[in-house]
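For reference, the structure I am asking about is given below.
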Amino acid sequence: MNLPIYLDNASTTPLLPEVIEAMNSVMTDEYGNPSSIHAKGRKSKSVIEAARKTVAKVINASVAEVFFTSSATEANNGMISSAVKSLGISRIITTKAEHPCVLNTIQSQKIDTVYLSLNSNGEIDLYELNHLLSDSDPKTLVSLMYINNEIGVIHPVNKIAELCKEHNAYFHCDAVQAVGKYKIDVQKTPIHFLSSSAHKFHGPKGVGFMYINGDVSIEPYLYGGSQERNMRAGTENLYGIVGLAKALELAVHEKESRMSHIASLKAKLLEELMTHFVDLKINAGGAQTAAHIASISFPHSDKSELMMFNLDINGICASAGSACSSGVEHDSPVLEAIGHDPKRKTVRFSFSHLNTAEEIDYLIEKLKTLTPLQS
Ligand SMILES: Cc1ncc(COP(=O)(O)O)c(C=O)c1O
C-alpha cells in the first residue's frame with residue numbers, strides 16, 4: 001500500500017492510464033483547429049463529434065443536445081443565467097445545499113428565489129415542491145442536484161422531473177456526482193438542463209459537458225465563433241473532450257463492478273467505525289446516499305479539532321466539512337442547512353474503484369489514535 005491514500009474522490013479523481021493514452025495520441029497527432037475546413041481541421045472535428053456521440057449515448061440524448069464546456073461550473077453558470085434571460089424565468093426553486101457554482105449563479109440573477117426546506121438528512125420534501133409548483137403563475141426553474149457532493153444524499157430526480165413536467169416548470173440538475181456512477185436517461189427523466197464534469201469520473205480537469213433538452217431554446221452565454229452550435233464560443237478543448245469521452249465510456253462499461261467495490265468499501269468503513277467508536281454521526285445516514293461518499297461527524301474534543309491536520313500528516317487525503325473565515329472555523333453551508341452541530345468535526349471520505357480494503361484498515365487504525373472516544 002502506498003501513502004498517501006486518496007479518499008477525496010468526490011473532490012477529484014486520478015486520471016486512468018487508458019484516458020491518458022487516448023489523450024496522448026490526439027495530443028501528438030491532432031493539432032488541427034476543429035473549425036478549419038482542411039483535412040487536419042476535419043479530423044479534429046470528427047474526433048470531437050465521436051466524443052459527443054459517446055456522451056449522448058450514455059445519457060440517451062441526441063448529439064445536438066450535448067455541449068462541451070470547460071467545467072461543470074461553466075455549464076451551471078451558462079445554463080442557469082441563459083435560461084433566466086431567454087425563458088422569462090421569474091422564480092427559482094432550489095436548496096441551500098447546492099454547489100456554490102449553482103447557488104452563486106442563482107443569487108446573481110436577482111429574481112425571486114425559494115429555498116426548499118431540508119430535513120436533517122438533507123432530503124427535500126416533495127409535497128413542499130409540489131405545493132410551490134401548484135402556484136403556476138411565476139415561470140419557474142427548479143434547480144436541484146442529483147447527489148450532494150458533501151453528504152452524498154441522493155435526490156429523487158425522477159419524481160422531481162415529473163413534478164416539474166406536470167406543472168410546466170423547467171428542471172436544471174447538477175449531476176456532477178452522479179454521471180458515470182448512476183444511471184441517467186434523459187428520455188425517461190424529463191430534465192431540461194444537466195451538467196457534468198470529467199474530473200469526477202477519472203477524466204481530465206478543465207472539461208465538462210451540459211445537456212440542454214432539444215425542445216428548449218436558450219441564448220448563448222459566450223459570444224465569438226460558431227463552436228458548439230453557437231452556444232459556447234471558443235476553440236474546443238480537443239484533448240480534454242477526448243479524455244472525457246474515454247473516461248465516461250470506461251466508467252459506464254465498468255459501472256457494476258466499480259460501484260459494488262466502492263459500496264463494499266463504504267460499508268466496511270461504516271461498520272468498522274460503528275464497532276470501534278462511540279458518538280459518531282453519519283451525516284445523511286437516514287437517507288439514501290451515494291456509494292462513494294461517507295460524511296462522518298466526530299464528537300468535539302481537542303483531538304478532533306486537529307483531525308484534518310492529523311489525517312494529512314498520517315498520509316490520508318480526505319476533505320473537511322468546514323471552512324475557515326476570519327480565523328474562525330465554521331460548518332460548510334451544506335452542514336448548516338441540515339442543522340449539523342457545529343461543535344462536531346465533519347470529515348468526508350470519498351472513494352473510487354482504485355481504493356482498497358487495506359486502505360480502509362489503515363484509515364481505521366489511524367482514526368483510533370486521532371479520536372479519543374474509542375470503545
Ligand atoms: C456537485 C458539484 N457541482 C459542481 C461542481 C463543479 O465542477 P467543476 O470542478 O467542473 O467546476 C462540483 C465539483 O466539486 C460538484 O461536486
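Label segment 17-253 by shape, choosing from rounded, prolate and oblate, from the square roots a ≥ b ≥ c of the eigenvalues of the Cα gyration tensor; if a/c is under 1.5 it is rounded, and otherwise prolate applies when a/b is larger than b/c, oblate when it is not. It would help to have the intermediate numbers written out before the result.
Working: a/c = 2.26, a/b = 1.68, b/c = 1.35.
Prolate is the answer for segment 17-253, as a/c is 1.5 or above and a/b outweighs b/c.
Also, quick follow-up: Of 59, 69, 100, whose Cα points farthest to the positive end of the dipole of segment 17-253 (charges on the beta-carbon: +1 Lys, Arg; -1 Asp, Glu; origin at the Cα centre)?
Comparing the listed Cα positions along the dipole, 69 ranks first.
State to the nearest 20 debye the size of the charge dipole of segment 17-253 about its Cα centre, where the only charges are +1 on K and R beta carbons and -1 on D and E beta carbons.
Working: 22 positive and 24 negative charges, 125 e Å.
Roughly 600 debye for segment 17-253.
Arrange the residues 341, 312 by how much accessible surface each exposes, largest first, with a 1.4 angstrom probe.
Details: 341 65, 312 100 Å².
Result of the area sort, largest leading: 312, 341.
A follow-up question, please. Could you report segment 68-144's accessible area per residue, 1.4 Å probe, as an integer in Å²?
On the way: 3150 Å² over 77 residues.
So segment 68-144 comes to 41 Å² accessible per residue, rounded to a whole number.
Tell me the mean residue ellipticity at 222 nm calculated for the chain from its helices only (DSSP H runs of n ≥ 4, each -39500 (n - 2.57), averaged over every residue, nearest 500).
Helix-only estimate at 222 nm: -12000 deg cm²/dmol.
Given charges of +1 on the Cβ of Lys and Arg and -1 on the Cβ of Asp and Glu, with all other atoms neutral, how large is the dipole of segment 113-181 about its Cα centre, in debye to the nearest 20? Walk me through the intermediate numbers first.
Numbers: 4 positive and 9 negative charges, 50 e Å.
That gives segment 113-181 a dipole magnitude of about 240 debye.
Under a point-charge model restricted to the Cβ atoms of Lys and Arg (+1) and Asp and Glu (-1), what is the dipole moment magnitude of segment 179-247 relative to its Cα centre, in debye to the nearest 20? Could you put the intermediate results ahead of the total?
Working: 8 positive and 5 negative charges, 77 e Å.
Result for segment 179-247 is approximately 380 debye, rounded to the nearest 20.
Probe radius 1.4 Å, ligands and nucleic acids ignored: give me the carbon and sulfur share of the accessible area of segment 17-253 as a rounded percent. Don't skip to the answer; put the middle values down first.
Details: 5090 of 9870 Å².
Summing carbon and sulfur atoms, their accessible area is 52 percent of the total for segment 17-253.
Next up: What's the longest bit of the chain with no exposed trypsin sites (Lys or Arg not before Pro), using DSSP loop states and at most 16 other Cβ atoms within 10 Å as the test?
Numbers: sites that count: 96, 110, 139, 183, 188, 205, 343.
Longest gap between qualifying sites, sites excluded: 206-342.
Counting only protein heavy atoms and a 1.4 Å probe, tell me what percentage of segment 260-350's accessible area is made up of carbon and sulfur.
Working: 2230 of 4030 Å².
Of all accessible area on segment 260-350, carbon and sulfur atoms account for 55 percent.
Per residue, what accessible area does segment 247-361 have, given a 1.4 Å probe and all protein chains present, in Å²? The partial results should precede the final answer.
Numbers: 5140 Å² over 115 residues.
Heavy-atom accessible area per residue stands at 45 Å².
Using the basic label-point model (7 angstrom from Cα toward the beta carbon), what is the residue 139 to residue 96 distance in nanometres?
Each label point is offset 7 Å from its Cα along the Cβ direction, giving 3.0 nm.
Okay, moving on. Provide the net charge surrounding residue 333, with neighbours chosen by a C-beta distance below 10 Å and charges set as Lys +1, Arg +1, Asp -1, Glu -1. Kindly include the intermediate steps, with their values, before the conclusion.
On the way: positive: 96; negative: 98, 150, 331, 336.
Within the 10 Å Cβ shell, the charges total -3.
The values are calculated or read from the model by the stated rules, or taken from the named source; none is laboratory data. A quick note: this is a predicted structure, and the numbers were derived from the prediction, not measured. Cβ atoms come from the backbone with ideal geometry, glycine included; neighbour counts cover every protein chain shown. The accessibility values were calculated without ligands, DNA or RNA, using every heavy atom of the protein model including side chains. Shrake-Rupley method; radii C 1.70, N 1.55, O 1.52, S 1.80 Å.
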